[in-house]
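One structure is given here, and the rest of the page talks about it.
The values are calculated or read from the model by the stated rules, or taken from the named source; none is laboratory data. Small disclaimer: the values here were computed from a predicted structure and weren't measured. Here Cβ is always computed from backbone atoms with ideal geometry, including for glycine, and neighbour counts include all displayed protein chains.
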Amino acid sequence: MKARLFLVLIGLLLVVSSCSKTSDGNADAEQAAVTAARDWLALVDGGKHSESWEQAADYFKSAMSRDQWVQTMAAGRVPLGAVLSREVKSTKYTTSLPGAPDGEYVVIEFESSFENKAKAVETVTPMLGKDGAWRVSGYFIR
């Protein structure tokens with residue numbers, strides 16, 4: 001399961017390397033995805049890791065159990081401390097990501113600053129669900 005999640009994250013990083021500020025023709029989708037990402041990040045920032053897992057896309061939940069997610073956040077996100085700033089660096093609408101099912105995705109990079117890490121890049125990838133809602137399918141901090 002960790003290998004599958006790792007492959008998804010690597011695939012997201014490959015897509016991010018070709019990101020531009022916005023993609024032509026998909027501004028509405030990108031804006032809706034950014035709003036969903038910010039709402040989801042508010043849960044993560046508030047330490048509501050179990051709830052953030054609940055609010056994530058089914059694809060996300062199939063890659064990692066709730067307990068694994070909570071442990072991952074305790075080990076990787078909590079030590080960074082409170083978020084001090086977060087600004088959208090880039091967005092990219094795509095219908096295909098390596099290692100993930102075809103669908104509608106927006107890969108979002110945020111330039112972020114935390115109490116214990118002055119400069120970080122958070123990559124959040126919402127996907128459009130069958131119900132028309134954007135939900136996070138991937139999250140990575142570097």
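Quick notes on this one:
- Among the residues of the range 121-142, those identified as touching a residue at least 40 places away in the same chain (Cβ under 8 Å) and either at positive phi or assigned to a loop (DSSP other than H, G, I, E, B) (or both) are Gly129, Ala133.
- Being surrounded by 15 or more Cβ atoms within 10 Å (Cβ to Cβ) and either at pLDDT 95 or above or among the hydrophobic types (A, V, I, L, M, F, W, C) (or both) holds for only one residue in Val107, Val121, Val78, and it is Val107.
- Scope the range 49-62; condition charged (D, E, K, R) and surrounded by 15 or more Cβ atoms within 10 Å (Cβ to Cβ); matching residues: Lys61
- For first residues located in the range 71-96 and within 17 Å of Glu115 (Cβ to Cβ), partners that are among the hydrophobic types (A, V, I, L, M, F, W, C) and lie 6+ apart or on another chain with Cβ distances below 6 Å form the pairs Leu80/Phe114; Gly81/Phe114; Val83/Phe114; Arg86/Phe110.
- Flag if Ser65 is closer than 24 Å to Asn26 by Cα, surrounded by fewer than 16 Cβ atoms within 10 Å (Cβ to Cβ) and among the hydroxyl-bearing types (Ser, Thr, Tyr): no
- The test for being surrounded by 12 or more Cβ atoms within 10 Å (Cβ to Cβ) and at pLDDT below 95 holds for Phe6.
- When the residues of the range 81-95 are filtered to those that are touching a helix residue (DSSP H, G or I) at 6+ places or on another chain (Cβ under 9 Å) and of a type in the set (S, T, N, Q), the one that is surrounded by the most Cβ atoms within 10 Å (Cβ to Cβ) is Thr91.
- Hey, Val88 within 15 Å of the chain's Cα centre (by Cα), closer than 19 Å to Glu30 by Cβ and not small (Gly, Ala, Ser) or not: yes
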